[in-house]
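S.K.: Okay, here's the structure, questions in a sec.
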């Protein structure tokens, strides 16, 4: 019954997120021998100003 | 000092979320003998496209 | 498909945690009209030394 | 490689969040002897209606 | 800079967890075009008594 | 009412964690003008084998 939270800087397209959900679920299923239907993947998209890397918001590092 | 994070697919009304906060807090208080004023409940509403179930976004399963 | 994470200071008995899982799940089910079988509740028990309240570990506040 | 999630009621300005990211990262770096460039801080801004305190949404407590 | 938290019922072997970390990281890297070295995966192993499914701890469902 | 979760590779001493709780709480209080008594800091210590960096567990990178 694996539950996955993925935190990303905002930006990926709907297609990228859809393929990420599928590939992460398959990776979990394969490596843990867990049935696909039990896996949940929750994406948290974070604004660049709210994601701090090395003490700075990502919006200042990669403007 | 219980801290609760609830992750939901977006959609519930303001009244539903308000009653959920109250009922979950009471459930925690009752079962753990914890004073209500110490309990925090944080709701994370997740878009259907960002909540993966069995390898697919919920937006494809229940369009 | 609600997913709940509860963070507690360590200590509750197995019976308290079991009744908490049941009561929180019922509270979510009732307030959000969500089927019980879709609800997940994950308990994170935190040592007193690792739970900070007002700048101090709980182990110093309630020794 | 510390990873920090900060959950706030929505409202702080961009400048406040930027200084919070910097100061929290420095606090972690100093107290754990961890290099700044390894630290990540993710801010989750929560609407007042979705942050429950003592069984009530913050929007009812501090309207 | 994706950060992934995986919550599992305790039990997988060290080898299974190692291959899960690798495969999930590759899945994220591929689907989001994100460099491997920026990806973090944190595993939270949860005791069966602390993982509630449909209102019951997993320890009662699959004893 | 800020709630902070810090995820660390296991290892820091009790004194380091105590000073981290204090310094992070002060950093939050200062930057967000939030009263100390409302701040919570929860530490999640993660075994080296369960913390993946760039696709490998930290136990393999820094044995």
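S.K.: For the stretch F:47-63, what are the residues that are facing another protein chain (nearest Cβ under 8 Å) and modelled with pLDDT under 95?
M.R.: F:60
S.K.: Are there any pairs with C-beta distances below 9 angstrom linking a residue in the stretch C:10-28 that is over 19 Å from residue B:16 (Cα atoms) to a residue that is modelled with pLDDT under 95 and part of a helix (DSSP H, G or I), with the two at least 6 apart or on different chains, and if so which?
M.R.: Final answer for the pair search is C:14/E:59; C:18/E:59; C:18/E:60.
S.K.: Being in contact with a strand residue (DSSP E or B) (Cβ under 6 Å, 6 or more places away or on another chain), within 7 Å of another protein chain (Cβ to nearest Cβ) and either at pLDDT 95 or above or in a loop (DSSP other than H, G, I, E, B) (or both) narrows it down to one residue among B:44, B:7; which is it? Before the answer, list the steps.
M.R.: Values: B:44 fails: within 7 Å of another protein chain (Cβ to nearest Cβ).
After ruling out the rest, the residue left standing is B:7.
S.K.: Taking only the stretch B:50-63 into account, find how many residues are over 13 Å from residue B:11 (Cα atoms) and part of a helix (DSSP H, G or I).
M.R.: Looking only at that region, the number is 3.
S.K.: What are the residues in the stretch A:54-63 that are loosely packed, with under 15 Cβ neighbours inside 10 Å and out of contact with any strand residue (DSSP E or B) (no Cβ under 7 Å at 6 or more places or on another chain), if any? Talk me through it step by step, then tell me what you get.
M.R.: Kept after step one, since they are loosely packed, with under 15 Cβ neighbours inside 10 Å, are these residues of the stretch A:54-63: A:60-63.
Within the stretch A:54-63, A:60, A:62, A:63 qualify.
S.K.: Also, quick follow-up: For the stretch D:10-41, what are the residues that are in contact with a helix residue (DSSP H, G or I) (Cβ under 7 Å, 6 or more places away or on another chain) and part of a strand (DSSP E or B)?
M.R.: Result: D:41, single match.
S.K.: Next question, about the same structure. Identify, please: which residue in the stretch F:13-53 is surrounded by 19 or more Cβ atoms within 10 Å (Cβ to Cβ) and under 10 Å from the mean Cα position of the chain (by Cα) and is, among those, nearest to residue C:6 (Cα to Cα)?
M.R.: F:42
S.K.: I would also like to ask the following. Across the stretch B:10-41, what is the number of residues that are more than 7 Å from every other protein chain (Cβ to nearest Cβ) and more than 15 Å from residue D:60 (Cα to Cα)?
M.R.: Number satisfying all stated conditions: 8.
S.K.: If you don't mind, another one. Identify all residues within the stretch B:38-58 that are without any contact (Cβ under 8 Å) to a residue 24 or more places away in the chain and within 24 Å of residue C:27 (Cβ to Cβ); write none if there are none.
M.R.: B:53, the sole residue that qualifies.
The values are calculated or read from the model by the stated rules, or taken from the named source; none is laboratory data. These figures come from a predicted structure and were not determined experimentally. In this analysis, Cβ positions are derived from the backbone assuming ideal geometry, glycine residues included, and neighbour counts consider all displayed protein chains.
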